[in-house]
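A.B. asks: If you scroll down you'll find the structure; I have some questions about it.
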Amino acid sequence: MENKTSQAELLAPAGGWSQLKAAIRYGADAVYLACDRFGMRANAENFSLDDMPDVVSFAHSLGAHVYVTLNTLMGNDDIAELPAYLEALDAAGADAFIVSDMGAFSLAKRHAPHVNLHISTQASVMNAEAARMWHDLGATRIVCAREMSIYDIATLRENTPSDLGIEAFVHGAMCVAYSGRCLLSSAMTGRRANQGLCTQSCRWNYALVEETRPGQYFDIEEDTRGSYILNAQDLNMVSHLDELAAAGVSSFKIEGRNKKAFYVATVVGAYRSVLDGGSPEVAEAELLTISHRPYSTGFYYGPANQTPDDSGYEFECVHVATVEACEPASDGTFKVTVLCHNRFESTDVLGVVSPHMESFELRLTSPLRWLVPLDEGKLFADRDPLTYEQLRAQATETPVDVANRSREHYSFICDVPVKPGDYLRKRV
């Protein structure tokens with residue numbers, strides 16, 4: 001019998017170059033990203049329009065597709081700037097645009113005829129009639145509104161053309177607003193959420209008083225910091241991919257263009273493992289190690305839940321370093337050079353996050369050594385760290401007990417091999 005789950009696309013966020021490389025290395029079939037305009041995550045690193053030929057070439061060389069988000073709500077000035085923007089992205093070889101605005105959709109058909117059109121979750125497609133309308137206009141995929149249940153998706157799939165792809169979110173932050181369309185940030189701070197500048201006002205702590213309904217009380221939990229009645233739980237569907245695939249979802253989408261590469265790698269790796277036949281239980285445990293709000297299954301099996309008692313994140317581990325090199329040492333050991341991100345000590349037991357395999361533990365068998373450039377003044381003048389290749393040519397190694405200089409290099413000996421690009425973490 002056809003395995004729809006294993007054939008589904010795994011779509012990952014790429015907020016910048018490091019996230020793009022991590023997403024593809026850890027198993028994403030496609031990435032979605034934004035240039036410097038028209039994306040819903042304006043605070044991400046993002047890419048310049050001039051970057052896009054290299055971005056697309058890099059992804060395509062590794063067999064991954066590139067989808068560009070053009071899904072902000074657009075005014076007249078935005079629409080006026082779109083034609084040249086679309087033509088540049090078409091020339092760069094982008095595989096698809098993610099759009100929600102009808103004007104942007106119309107312009108994309110005329111100015112980027114080689115690029116597929118995917119309808120953003122912000123278009124709130126929740127029924128087959130809407131999906132068929134978009135398909136008739138030329139869309140090749142719809143991204144389901146996040147308010148849809150698995151039953152709703154299955155019904156939509158049964159009543160739409162088979163060549164219309166269906167994409168659905170499977171992991172990441174959920175928005176309290178309907179399909180992400182919110183005015184709270186605009187009203188409170190002047191930063192427009194629908195232009196990619198959301199301040200996440202819904203996750204602030206509030207002392208709530210309802211003055212117009214005397215005697216009517218709401219069940220609100222709170223702690224000493226306040227109440228968090230709008231704080232949506234994070235989505236986690238790694239144990240339910242079979243049900244989504246059976247309902248007709250052909251692309252599993254991970255949220256997180258504001259996240260770091262370590263987060264992207266961990267989440268993509270967990271979902272890739274399940275799609276390749278691995279244990280959902282192991283993947284669930286892996287997803288607890290990264291920063292997240294309490295997990296839920298969103299709207300897929302009923303109403304979504306809020307997290308009323310805390311606005312912060314839960315996490316079991318912190319990313320401490322990224323492997324830059326691993327070379328054979330003596331007696332079957334290995335010399336590892338890493339770029340430090342957070343503090344760790346030579347006595348720590350570190351976890352290794354590596355693509356296409358379960359995470360494993362690493363123990364240092366030697367003291368840490370800090371790679372100090374011969375020109376130490378560079379360290380304190382502009383804080384622009386040298387690359388590993390530069391350090392090899394002009395660095396001394398100083399024994400230290402603790403790696404605590406972020407963005408500096410350290411080396412150590414261990415008894416297991418690792419690969420450049422692997423991530424090291426420790427429990428907190």
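A.B. asks: I want to confirm something. Restricting to segment 274-295 and keeping residues that are charged (D, E, K, R) and outside any helix (DSSP H, G or I), which single residue is nearest to ASP29 (Cα to Cα)?
C.D. replies: My answer is ASP276.
A.B. asks: Looking for something among the hydroxyl-bearing types (Ser, Thr, Tyr), free of Cβ contacts under 8 Å to residues at least 12 places away in the same chain and in contact with a helix residue (DSSP H, G or I) (Cβ under 9 Å, 6 or more places away or on another chain) - is there at least one such residue anywhere in segment 124-139?
C.D. replies: The answer is no, given that none of the residues of segment 124-139 is among the hydroxyl-bearing types (Ser, Thr, Tyr), free of Cβ contacts under 8 Å to residues at least 12 places away in the same chain and in contact with a helix residue (DSSP H, G or I) (Cβ under 9 Å, 6 or more places away or on another chain).
A.B. asks: Let me ask another. Search segment 312-364 for residues being part of a loop (DSSP other than H, G, I, E, B) and of a type in the set (D, E, K, R), and hand back the single one that is farthest from the chain's Cα centre (by Cα).
C.D. replies: ASP331
A.B. asks: If you don't mind, there's one more thing I want to ask. Specify which of the listed residues (PHE47, PHE58, PHE97) is more than 30 Å from GLY302 (Cβ to Cβ), in a loop (DSSP other than H, G, I, E, B), under 19 Å from the mean Cα position of the chain (by Cα) and aromatic (Phe, Trp, Tyr).
C.D. replies: PHE47
A.B. asks: If I filter segment 389-404 for residues that are part of a loop (DSSP other than H, G, I, E, B), closer than 28 Å to TYR26 by Cα, modelled with pLDDT of 90 or more and in contact with a Cys (Cβ under 8 Å, 6 or more places away or on another chain), do I get at least one hit?
C.D. replies: Looking for residues that are part of a loop (DSSP other than H, G, I, E, B), closer than 28 Å to TYR26 by Cα, modelled with pLDDT of 90 or more and in contact with a Cys (Cβ under 8 Å, 6 or more places away or on another chain), one finds at least one in segment 389-404, hence yes.
A.B. asks: Of all residues in segment 87-121 being free of Cβ contacts under 8 Å to residues at least 40 places away in the same chain and of a type in the set (Asp, Glu), which is surrounded by the fewest Cβ atoms within 10 Å (Cβ to Cβ)?
C.D. replies: Looking at residues that are free of Cβ contacts under 8 Å to residues at least 40 places away in the same chain and of a type in the set (Asp, Glu), I get GLU87.
A.B. asks: Another question about this same structure. Please go through segment 278-318 and pick out each residue that is exposed (fewer than 15 other Cβ atoms within 10 Å of the Cβ), more than 24 Å from SER359 (Cβ to Cβ) and modelled with pLDDT of 85 or more.
C.D. replies: Hits for segment 278-318 are TYR301, GLY302.
A.B. asks: Just wondering, is there one or more residues in segment 10-29 that are in the same structural domain as HIS171 (by TED's automatic domain parsing), in a loop (DSSP other than H, G, I, E, B), acidic (Asp, Glu) and modelled with pLDDT under 95?
C.D. replies: Checking segment 10-29: not a single residue is in the same structural domain as HIS171 (by TED's automatic domain parsing), in a loop (DSSP other than H, G, I, E, B), acidic (Asp, Glu) and modelled with pLDDT under 95.
Each row is one residue, and each column tells you yes or no for (1) assigned to a loop (DSSP other than H, G, I, E, B); (2) crowded, with 19+ Cβ neighbours inside 10 Å; (3) modelled with pLDDT of 65 or more; (4) touching a Lys or Arg at 6+ places or on another chain (Cβ under 9 Å).
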{"position": "MET133", "(1), (2), (3), (4)": "no, no, yes, no"}
{"position": "ALA139", "(1), (2), (3), (4)": "yes, yes, yes, no"}
{"position": "ALA154", "(1), (2), (3), (4)": "no, no, yes, no"}
{"position": "ASP163", "(1), (2), (3), (4)": "yes, no, yes, no"}
{"position": "ASN194", "(1), (2), (3), (4)": "no, yes, no, yes"}
{"position": "GLU210", "(1), (2), (3), (4)": "yes, no, no, no"}
{"position": "GLN216", "(1), (2), (3), (4)": "yes, no, no, no"}
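For every residue, the table says whether it meets (1) crowded, with 16+ Cβ neighbours inside 10 Å; (2) touching a helix residue (DSSP H, G or I) at 6+ places or on another chain (Cβ under 8 Å); (3) modelled with pLDDT under 95.
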site: LEU339; (1), (2), (3): yes, yes, yes
site: ARG343; (1), (2), (3): no, no, no
site: LEU350; (1), (2), (3): yes, no, no
site: PRO355; (1), (2), (3): yes, yes, no
site: SER359; (1), (2), (3): yes, yes, no
site: THR365; (1), (2), (3): no, no, yes
site: PRO373; (1), (2), (3): yes, yes, yes
site: GLY377; (1), (2), (3): no, no, yes
site: PHE380; (1), (2), (3): no, no, yes
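A.B. asks: Considering only residues that are part of a helix (DSSP H, G or I) and without any contact (Cβ under 8 Å) to a residue 60 or more places away in the chain, look in segment 238-273 and name the one that is surrounded by the most Cβ atoms within 10 Å (Cβ to Cβ).
C.D. replies: Checked segment 238-273; the qualifying residue surrounded by the most Cβ atoms within 10 Å (Cβ to Cβ) is ALA270.
The values are calculated or read from the model by the stated rules, or taken from the named source; none is laboratory data. All values derive from a computational prediction rather than experimental measurement. A quick note on method: Cβ atoms are made from the backbone with ideal geometry, for glycine too, and the neighbour counts reach across all protein chains shown.
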